[in-house]
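Everything on this sheet refers to the single structure shown next.
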Amino acid sequence: MYIAILGRQPAIGIAELEAVYGQASWFSSHSALLEATPDLEHLGGALKAGRVVFDMPRGDWRKVSMKIVNHYAKHWAQHEGKLTLGLSVYDMNADIRDIQKTGLILKSKLKASSASLRLIPNTEPALSTATSHHNKLGLADNKIELLVVASKDRIIVAESIGAQNITKLARRDQNRPKRDAFVGMLPPKLAQIIVNLAVGDTQSQNLTVLDPFCGTGVILQESALMGFKPYGTDLADKMIDFSRINLEWLAEEFHTSKNWHLDQADAMAAKWQPPIDAVAAETYLGQPFSAPPSPGKLTEVRGNCNHIIGSFLENIAPQIASGTPLCLAIPAWRDNYGNFAHLPLLNNLAKLGYKRREFTTVNPEQLLYYRENQIVARELLVIVKA
Ligand SMILES: C[S@@+](CC[C@H](N)C(=O)[O-])C[C@H]1O[C@@H](n2cnc3c(N)ncnc32)[C@H](O)[C@@H]1O
């Protein structure tokens, strides 16, 4: 059994796990349990993951600490040489000094053995993803991170199998040659989530993943890294050039295949070349706003986006086989009270020829990606061709 520590928007993270592994369940508000071994290189919504070692009824830190010390003092005494240990505590009140104390007790217990312990200092109850990643915790037998996660009534202790590779993610995000502030900056993590929600558990290689609003190609890049064949189209010639240059850069830097297909096309009228195995896109999102738009402006922008995305769905429906999965990031506008204005086409999916993919862990309304100060949220619409 594995536990995954979910990112800033846990509902999106757990939906991604359920999509890719066919099964996941909530453990606490920021974590999920799953049977499969999560592959953190290819998941955008999980920050860390660990193999569950034991669980116990919920209690205070002292009880957890005693159990950890009893279990690991014996276990690590057999080890020859240096061990690095990080402790990360989630969803429970534990003082940083008490967490560190657990590490110090272990350190002193190991003094008489052939093992020596280096403790990673906590500035928060949980080590940041960056700290875990840079210390390579979970990636070697002697680099250990214990994930201690509390639910309402239980506590799980797990041994980390790694953290999100933020170095590689940042390299893809910041070093790709072509970026465009006007079409927006899709974070590679969110692109991974969109591809995973689209492709789901049929992660066989050689699938063609179409992004009909490909822009600078972030989704195409993540598809290539997952071993799929990227197929990108966009209304703007310039964007097709940008996507090509970025994919060429990726092939050099990350050794991905050079087998891709790019074409200029209006998504409302395009005729795509089969096969299309899945569709993953961040669609046209309308203009950015720094404050909620007036009702008149909102009606105009929402109508325009609805027309473009609705016409695209109508256009592609007869071109894809029944059962073809799609994940589209579409716009939803947030007002000052945290309410969202959605696209009207959401009420029309059956008429357009699609049905929603059902999740056991989340409701569709929870799949909204935004930062606190953003007016235009990306709503992740996960559907299949009926
Ligand atoms: C939000 S951006 C997508 C950005 C992209 N995810 C990236 O990685 O850069 C939307 C894209 O949709 C394109 N677009 C707008 N209307 C379109 C249409 N009718 N058909 C195809 N593409 C369109 C724009 O040129 C823009 O590149």
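The values are calculated or read from the model by the stated rules, or taken from the named source; none is laboratory data. Everything quoted here is computed from the prediction, not taken from an experiment. A quick note on method: Cβ atoms are made from the backbone with ideal geometry, for glycine too, and the neighbour counts reach across all protein chains shown.
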Just for the range 214-256: of the residues that are in contact with a helix residue (DSSP H, G or I) (Cβ under 8 Å, 6 or more places away or on another chain) and among the acidic types (D, E), which one is surrounded by the most Cβ atoms within 10 Å (Cβ to Cβ)?
E222
Within the range 174-187, track down each residue that is more than 9 Å from the ligand (Cβ to nearest atom), within 30 Å of I383 (Cα to Cα) and at pLDDT 90 or above.
P187
Could you check, for the range 140-153, whether at least one of its residues is in the same structural domain as V376 (by TED's automatic domain parsing), in contact with a strand residue (DSSP E or B) (Cβ under 7 Å, 6 or more places away or on another chain) and crowded, with 17+ Cβ neighbours inside 10 Å?
no
In this structure, is T233 within 11 Å of the ligand (Cβ to nearest atom) and among the β-branched types (V, I, T)?
yes
Of the candidates A170, A112, A77, the one satisfying the condition of being within 30 Å of E253 (Cα to Cα), free of Cβ contacts under 8 Å to residues at least 40 places away in the same chain and surrounded by fewer than 17 Cβ atoms within 10 Å (Cβ to Cβ) is A170
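Say we look at the range 242-276 and pick out the residues that are assigned to a helix (DSSP H, G or I) and free of Cβ contacts under 8 Å to residues at least 12 places away in the same chain; which of these is nearest to the ligand (Cβ to nearest atom)?
Ranking the qualifying residues of the range 242-276, first place goes to E248.
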Could you tell me whether the range 84-103 includes any residue that is farther than 19 Å from V157 by Cα, hydrophobic (A, V, I, L, M, F, W, C) and surrounded by fewer than 21 Cβ atoms within 10 Å (Cβ to Cβ)?
no
Could you tell me which of the residues N348, N363 is surrounded by fewer than 16 Cβ atoms within 10 Å (Cβ to Cβ) and over 26 Å from the mean Cα position of the chain (by Cα)?
N348
Which residues, counting only those in the range 290-307, are within 14 Å of the ligand (Cβ to nearest atom) and surrounded by fewer than 18 Cβ atoms within 10 Å (Cβ to Cβ)?
N304, H307
Counted residues, the range 173-184 - those being in contact (Cβ under 8 Å) with a residue 24 or more places away in the chain and surrounded by fewer than 14 Cβ atoms within 10 Å (Cβ to Cβ)
3
Return the total of residues in the range 188-228 being more than 15 Å from the ligand (Cβ to nearest atom), in contact with an Asp or Glu (Cβ under 6 Å, 6 or more places away or on another chain) and among the hydroxyl-bearing types (S, T, Y).
1
